[in-house]
Amino acid sequence: MLELIAIRKAFNQGKPNEFWALDGIDLEIPQKGVTVLRGPSGSGKTTLLTILGCLARPTEGRVRLHGELISGLPERFLTEIRRKTFGFVFQQFNLIRGLSAIENIILPSYPTGERRSVLLERGEALLEKLRLSHRRDNAVEWLSGGEQQRVAICRALINSPQILIADEPTANLDTRLAREFLTILKLLADEGRTVVMTSHDPVVADSEVVDRVISLRDGRIVPDLAQVFAQAFG
Amino acid sequence: MNDWIERQRHLLDFTLTSLARRKTKNIGLLVVFALLVFVLASVSLYTQALRSEAVRVLEQSPEIVVQRLVAGRHDLIPPDYLEGIGRLRGVRSIETRLWGYYYDPVLKANYTLMVPRTRTIEQGEIVVGPALEHTRGLGTNTGISLRAYSGELHTFLVTDVLPHETELMSADLVLMNEGDFRRFFNFPDGHYTDIVLSVANPREVRNIGLKLMEMLPDARPILREEVLRTYNSIYAWREGLLLALLSASILAFGILAWEKSTGLSADERREIGILKAIGWETGDVIRMKFWEGFVIAFSAFLFGYVLAYVHVFYLRFFLFEPVLKGWAVLYPRFALTPQIDAMQLITLFIFTVVPYVAAVLVPIWRAATTDPDTVMRS
Amino acid sequence: MFFQPTIIALLLVAMLNAAMLAVASPYAWQLIRQWDIGSGSDRQLRLERLTYFFSTLLVFVCLLQIASTLLFVFNADHMHTMFVGAMCAIGTLNVNQWGFPALYLQLALFFMAALWLALNALDNRARDYPLVRVKYGALLVLAPVAFASLVVQLLYFGNLEADVITSCCGSMFSEESESVAATLAAIEPGPAMVLFYSVLLPTIFVSAWHWRSTGFSRLRAGAVGLASALAFLVSIAAVVAFVSLYIYEHPNHHCPFCILQPEFGYQGYLIYIPLFAAAAFGMASGLLAPFNRFSSLATLAPTASRRLAGQAAVGYALVVAVCTLMVLKSNLILLD
Ligand SMILES: Nc1ncnc2c1ncn2[C@@H]1O[C@H](COP(=O)(O)OP(=O)(O)OP(=O)(O)O)[C@@H](O)[C@H]1O
Ligand SMILES: [Mg+2]
């Protein structure tokens, strides 16, 4: 469904400190399932996520969503696609301080121009689903780490996106909370959503929720050992 | 269309909470901005009110005043002077006037002594302007002694005080009987100070002025429209100069410096990054920032303008009065007629809000175009 | 005569417009030369960000022009007392030969900015931004106009000295004068009315037709554009030739500005707001139509053109309605 073809991404292009963070990525993310990106620090996982999630445009290469070429689109249209198709959960949660949980949650829908009452209803349903209704009007900076993350997940889901993108979602959580996160992930995967995330956490990579693990090194995909063997001897 | 309105409502909503979250910074900006509007609006409202007050009074005065010049100086009108004028076409009425200045050593101020055309005053009685009422404590049925230039002392009884509305012109006025006037100044019989002509058709005024100069080469006709014109340009010039100086200096050092030095905090940048990452478009962020600027500018403008209005029309301009006035000791304490004028509003708006918007245009654009992927790297 | 607050404000706006557009022009040139929509390079990303700056800037210029044009007319009206013989705004504008050109340039800049925004709005809906070069080429024209507007205003206000004998409404519109304004006033109210209705009604008709029709014809859209421009001029002529007479209830008072004053109940705004809006919409409608030859605009351009034509039709219908109403309710009798 989401297809990357020969993706390269440069930073500081044309300058002496030019750096190719991604260097020829071919990848297809299927409609269903949870995909985890793995690899050493600096290998380009986050950069790849930004391109998958239409947060950034590749310097070279093509991205297709449902067969439609979207890599060359101007930001205006990319944003529209991002808003409709992707939900994001960040490592730092990135909630807006001073706003209540519910206000944070409905924020991504403001540009759609839907009525506020409709948005609130949807946000409350999501809070209910993640058992957070009692925190509806609390300012987010006073919530615990786990609660903040659940608010962030609600926010990611407010526009009912097909694909959920998460960068190191468990890095700020202890093991118990990480397992709780995986339960939520399972819930979402069972609803038929696509999840792509990066993680260092063995708890995540080894979980049975995860369908695929992709390893990166120096901006390239490292072939799966099992696959290599199969090709060499099969 | 509905979507559009709803979207603007969301943006405005967000803006208001965002302003509230950064109270100190925004209140500071609001106060500086409102203060600037207050100062400019005060000056502008005040000069405009003065000018229209003067115009209002002048409009009741005669179309042409004729003075006689001798050796380039204003001289008395001799008795036979009038005869030629009577035959001019278009002149509705001709009247002679008697008036003069009197220096009062007690107050160290000048009064205008005058024989009124429209009311009769008995011998030994006077009618005074409101300024004299305040400064010399005169009221109806009080007496006053004035020492004439000849050295004689004349005593008068005040029988009335002039109404306050026209204070700008009549404040220092003293009205008296013709006989008293001639005695007080030793004014020769049959002579007058000047002549006033009223003209039926305003378009004729200029022609009549020209004819007068032909017939009486030593006469100087003063047209009302010329006086008005002079008034207008003097007041406008003063106001313009003041506004230009004030706005140039205050604006440059006030708002611009302020906005530049604070700029957008790291916190705000991060917030914009988050908004963009979760699906706000650059245009949405610019519109949100526009609303923010609008709310600040509009409330500062309204606040400053209302304050200035109260200051000028209800508190008698007390803060800046010493700077702008002081033309005469007997300066009137008249209440200005409140008025609001579209042209003046737009002018003030351009002096205050437009430079502000121009100054924040680039910073807003810069902030709004931060890359959405920056939030992934904090 | 520069030290009048309003004149300073006007010059401030003109300088700001000229300066902003002048500073922006090199960037527009860069956009024209280096734009490459397919590229993901840093440079292209930077250029794309720049486009947001230009749309914001032009909205600002457009709003400034509205305020400044209004102020220019107010100021002219206000200052007439300073000039011998000037009875209203017309007299002030006629003090020297730069008054009317300054007004025309103000209007030109407003319409150009408005049309640019229409073009921009259309382009922003197509995923490949096909009009980028057209747009920024057009933008390069705006800067000289803004600059000319500044210079002419400087000339006008610089050569404005109180007491110069000027013509007033009465003499300006007297039959022997040769200026354009006099020719307009010289049109008898009767023929002027015929002209007004015979241009405005077809304009409304063709705009409404274009708006409502299912098929799309570039020719018809072009007709809407031209008719709107013509209807604008004819409407102004009509205001001078007869509408003003009915508003003032005076057979010789032709001034198109005094109707904006409180003495006449601000009735002018009822005419001018729909008139300017309709002219801008109608001209934009014609301007956008030919761009349907770009594949990404094949449906967008006609849709936008039709919608604008609809707005123009409504605007001109309002103009006709308001003018007719003013003539009908007036106590002045010019024609039987
Ligand atoms: N804006 C930027 N400018 C220059 N270099 C950058 C920029 N963003 C990322 N990089 C570089 O690109 C490389 C890949 O970064 P990326 O964040 O994708 O790594 P990562 O795999 O997510 O690492 P980690 O596990 O530490 O999060 C790094 O070497 C980083 O320094
Ligand atoms: Mg990372």
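An oblate overall shape is assigned to chain C, the ratio a/c of its alpha-carbon gyration tensor axes (a ≥ b ≥ c) being 1.5 or greater and a/b not exceeding b/c.
Here the simple spin-label model places points 7 Å from the Cα toward Cβ, and for C:Arg127 and B:Arg22 these points are separated by 3.6 nm. If we count every other residue with Cβ under 14 angstrom of A:Ala139's Cβ, Lys/Arg +1 and Asp/Glu -1, where does the sum land? Summing Lys/Arg as +1 and Asp/Glu as -1 gives 0. Taking only complete DSSP H runs, can you tell me which helices of chain B stretch 30 Å or more along their own long axis by Cα positions and average at least -0.5 on the Kyte-Doolittle scale? Correct list, ordered by number: B:23-59, B:224-251, B:282-313, B:342-368. Each of the GluC sites (Glu not before Pro) that DSSP puts in a loop and that has at most 16 other Cβ atoms within 10 Å breaks chain A; the longest unbroken stretch is A:19-190. A Förster radius of 30 Å, combined with the Cβ-Cβ distance separating B:Gln123 from B:Arg56, puts the computed FRET efficiency at roughly 0.35.
Under 5 Å between amide hydrogens, built in the peptide plane, is the criterion, and for A:Gly87 it picks out A:Ile163, A:Leu164, A:Ile165 among residues at least 5 positions away or on other chains.
Relative to the longest principal axis of the Cα atoms of chain C, the long axis of helix C:189-212 makes an angle of roughly 20 degrees.
Normalising the average separation of contacting C-alpha pairs (under 8 angstrom, six or more residues apart) by the number of residues puts the relative contact order of chain B at 29 percent.
Could you give the distance between the Cα centres of the range C:24-58 and the range A:1-22, to the whole Å? About 21 Å separates the Cα centre of the range C:24-58 from the one of the range A:1-22. Note on C:Ile66 and C:Thr299: the extension gain reaches 80.7 nm, defined as 0.36 nm multiplied by sequence separation minus the Cα-Cα distance.
From most to least packed by mean Cβ count within 10 Å, the peptides A:90-102, C:280-292 give C:280-292, A:90-102. Shown here: the range B:171-219, whose C-alpha atoms stretch 38, 27, 16 Å along the first, second and third principal axes, sorted largest to smallest. Measuring nothing but alpha carbons in the range C:168-336 and taking Rh as the Kirkwood radius, the Rg to Rh ratio lands at 1.06. Between the alpha-carbon centres of the range C:258-285 and the range C:100-129 there is a gap of 19 Å. The length gained on full extension between B:Glu152 and B:Ile234, counted as 0.36 nm times the residue separation minus their Cα-Cα distance, comes to 25.5 nm.
For the range C:1-166, rounded, prolate or oblate, judged on the Cα gyration tensor with a ≥ b ≥ c (square roots of eigenvalues), a/c < 1.5 rounded, else prolate if a/b > b/c? It is prolate, given that a/c is not under 1.5 and a/b is the larger ratio. Per residue of B:218-225, other chain Cβ atoms within 10 Å of the residue Cβ number 1 on average. Note on C:Phe3 and A:Ile5: their simple-model spin labels are 7.2 nm apart, each label 7 Å out from Cα toward Cβ. Counts of other chain beta carbons within 10 angstrom of each beta carbon in peptide B:338-350 average 5. In this rough spin-label picture, where each label sits 7 Å from Cα along the Cβ direction, the B:Thr159-A:Asn17 distance is 9.5 nm. A DSSP coil position with no more than 12 other Cβ atoms inside 10 Å describes the following trypsin sites (Lys or Arg not before Pro) in the range B:13-114: B:Arg89, B:Lys108. Counting neighbouring Cβ atoms within 10 Å and putting the fewest first, the residues C:Ser295, B:Ser61 line up as C:Ser295, B:Ser61. Each other residue within a Cβ distance under 13 Å of A:Ile51 adds +1 if Lys or Arg and -1 if Asp or Glu, for a net charge of 0. Compared with the dominant Cα axis of chain C, that is its longest principal axis, helix C:218-238 is turned about 20°. Hydrodynamic radius of the protein assembly as shown by the Kirkwood approach over all distinct alpha-carbon pairs: 33.8 Å. For the listed peptides B:189-201, B:269-281, a ranking on the average number of other beta carbons within 10 Å per residue, highest first, reads B:269-281, B:189-201. Amide H to amide H, with H built 1.01 Å from N, B:Ile126 comes under 5 Å of B:Leu157, B:Val158, B:Thr159, counting only residues 5 or more places away or on other chains. Averaged over C:43-56, how many beta carbons belonging to a partner chain fall within 10 Å of each residue's beta carbon? Mean partner shielding for this stretch: 5. With the cut-off at 1.5 for a/c, could you classify chain B from its C-alpha gyration tensor as rounded, prolate or oblate? Note, shape of chain B comes out prolate.
All of the numbers you see were taken from the coordinates with simple rules; none came from a lab. Worth saying up front: this structure is predicted, and the values here are computed from it rather than measured. When we count neighbours, we look across all protein chains shown, and the Cβ atoms used for this are built from the backbone with ideal geometry, even at glycine.
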